[in-house]
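The values are calculated or read from the model by the stated rules, or taken from the named source; none is laboratory data. Fair warning: this is a prediction, and the values are worked out from it, not measured in the lab. Ideal geometry is used to build each Cβ from the backbone, glycine not excepted, and the neighbour counts take in all protein chains shown.
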């Protein structure tokens with residue numbers, strides 16, 4: 001038990017650091033929960049719970065940038081709650097064996113998003129600048145894109161922030177601070193409704209999730225000091241290598 005606590009605390013710490021500096025913390029925390037014996041679906045639900053505080057505190061930090069997007073924020077939050085709820089519901093309906101078989105593919109998708117996310121966002125930004133949709137068609141399309149992203153986030157949290165940024169670029173945003181704030185509001189809303197469903201269905205491993213949560217809070221706080229010593233480029237390379245190795249492991253093991 002002591003080893004499990006130390007492992008989860010360290011996983012949470014490094015996950016919190018990575019989420020603050022480069023993203024990709026779920027590549028550590030989710031496998032760690034499975035490693036200590038938490039069943040896959042419960043591990044995924046618990047990982048969502050453990051990440052929620054970081055999303056919420058991050059969104060609060062961008063409250064000034066968000067204040068100028070109040071009308072849009074209402075639509076984003078409501079859509080995120082709807083999509084996150086649907087995704088979490090689909091996760092809870094999925095048989096354990098089926099979800100376990102899907103884990104490598106979900107990790108692969110999240111890994112590809114992490115590696116090529118910035119290029120995808122740049123491409124989407126150029127696309128949105130060249131092609132303006134008719135107002136009604138564009139609104140429906142953007143709603144469906146956001147809803148799909150949030151369903152994915154409710155089902156499997158890893159990589160949500162990256163594709164949320166792609167949606168915001170498609171919606172015409174260019175202020176990176178406002179985009180980060182809106183991205184965190186999407187993640188917070190998706191996680192919030194998903195956690196409610198997970199609690200109702202007793203799908204969260206509270207002790208293990210609490211240990212990871214403590215680690216993420218410490219890691220997020222310490223990241224300000226760590227960022228001065230380690231470049232984001234080196235951290236990003238580390239996350240890419242690690243995510244590829246973990247994804248390969250799950251393909252071999254399942």
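Side notes on the structure shown:
- Subset of region 95-111 (residues that are surrounded by 16 or more Cβ atoms within 10 Å (Cβ to Cβ) and either modelled with pLDDT under 85 or in a loop (DSSP other than H, G, I, E, B) (or both)): 110, 111
- When 5, 38, 74 are checked against the criterion of being surrounded by fewer than 20 Cβ atoms within 10 Å (Cβ to Cβ), at pLDDT 90 or above and more than 21 Å from residue 165 (Cβ to Cβ), 5 stands alone in meeting it.
- Count - residues of region 160-194 that are surrounded by fewer than 21 Cβ atoms within 10 Å (Cβ to Cβ) and at pLDDT 90 or above: 1
- Residue match in region 214-233 (condition: part of a loop (DSSP other than H, G, I, E, B), modelled with pLDDT under 85, surrounded by 15 or more Cβ atoms within 10 Å (Cβ to Cβ) and over 19 Å from the mean Cα position of the chain (by Cα)): yes
- Residue within region 70-91 that is in contact (Cβ under 8 Å) with a residue 12 or more places away in the chain, over 26 Å from residue 177 (Cβ atoms) and not in a helix (DSSP H, G or I) present: no
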